[in-house]
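As structure tokens, the structure follows; a few thoughts come after it.
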Amino acid sequence: MLGYTTTIMQDLPSHYDSLEQTLQSAESILEDAIRNAKNLFHTPVISSHSAEGIQTRTVVLRDFIKDSRIIRFHTDLRSPKVAELQANPAATMQGYDPSIKIQLRMLGLAEVHHRDAVTEAAWAETREMSKECYSVADAPGLSIDDPNAFDIDAKNLDLELGYANFCVVLFQFDSLEFLHLKGSGHRRAKHVWLNNDLSSSWLIP
């Protein structure tokens, strides 16, 4: 079954009566998504600006730091989204899990890290299978004639060479929208942080 495990579903309110509940549930969902692949927020989408318009990709959530509202994900230095985020760090991240009928939408700024203390720590905890992805011969998204030529030969691969292409993106949101769909009445809330001061309000779903 896609989506949450039964235990986690039971931990979430069946109905939202307060703004505080919506924020607490959003934080719980993101915290759980770090390790729980059944949580569909484990793979949210992020949208960034490019010369051709808005670009949207799926990423894997690697960490969520609640106090500073930072979401961490990894990417390849050669990926077009790195240059896009460096040129314009404004981004939107969104996820939806139909098993709990909850959508989260976050607006904020993305910070790209490469060959620094942040990437060193993240690389050290990255699994070997994931490290292989950064050893692809050329940049992700390039047009090629033969995909077989770019298959990774793990047996003859020095995994540490991939570190040169490894990037960490820290996405800090200052706006979070929470939407819960329910037949008896949807609930939509918005939480905005300005200089770390929180302002929350209900929205028409």
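Below are the figures for this structure:
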quantity: Extension gain, residue 114 back to residue 36 (0.36 nm per residue minus Cα-Cα distance, nm); calculated: 25.4 nm
quantity: For the chain: span of alpha carbons on each principal axis (Å, largest first); calculated: 56, 37, 34
quantity: Listed residues 31, 177, 120, most fluctuating in the chain (Gaussian network, C-alpha, under 10 Å); calculated: 120
quantity: The chain, relative contact order [Cα under 8 Å, separation at least 6], %; calculated: 21 percent
quantity: In nm, spacing of pseudo-spin labels at residue 121 and residue 55 (7 Å Cα→C-beta vector); calculated: 2.8 nm
quantity: Net +/- balance of residues flanking residue 80 in space, Cβ distance below 11 Å, scoring K and R +1, D and E -1; calculated: 0
quantity: Relative contact order of the stretch 60-120, pairs being alpha-carbon contacts under 8 Å that are 6 or more residues apart, as %; calculated: 23 percent
quantity: All lysines inside 17 Å of residue 66 as judged from Cα atoms, apart from same-chain residues fewer than 8 positions distant; calculated: 190
quantity: Stretch gain in nm, segment residue 204-residue 28, where the contour uses 0.36 nm per residue and the Cα spacing is subtracted; calculated: 61.0 nm
quantity: Stokes-Einstein D (µm²/s) once Rh is taken as the Kirkwood radius of the stretch 12-101 over alpha-carbon pairs, at 10 °C in 1.306 mPa s; calculated: 110 µm²/s
quantity: FRET efficiency, residue 18 to residue 160 (Cβ-Cβ, R0 41 Å, nearest 0.05); calculated: 0.25
quantity: Cα centroid separation, the stretch 165-189 to the stretch 41-116 (Å); calculated: 11 Å
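Read the figures in this text as sums done on the coordinates, not as results from a lab. These figures come from a predicted structure and were not determined experimentally. Cβ sites come from the backbone with ideal geometry, for glycine too, and all protein chains shown count toward neighbours.
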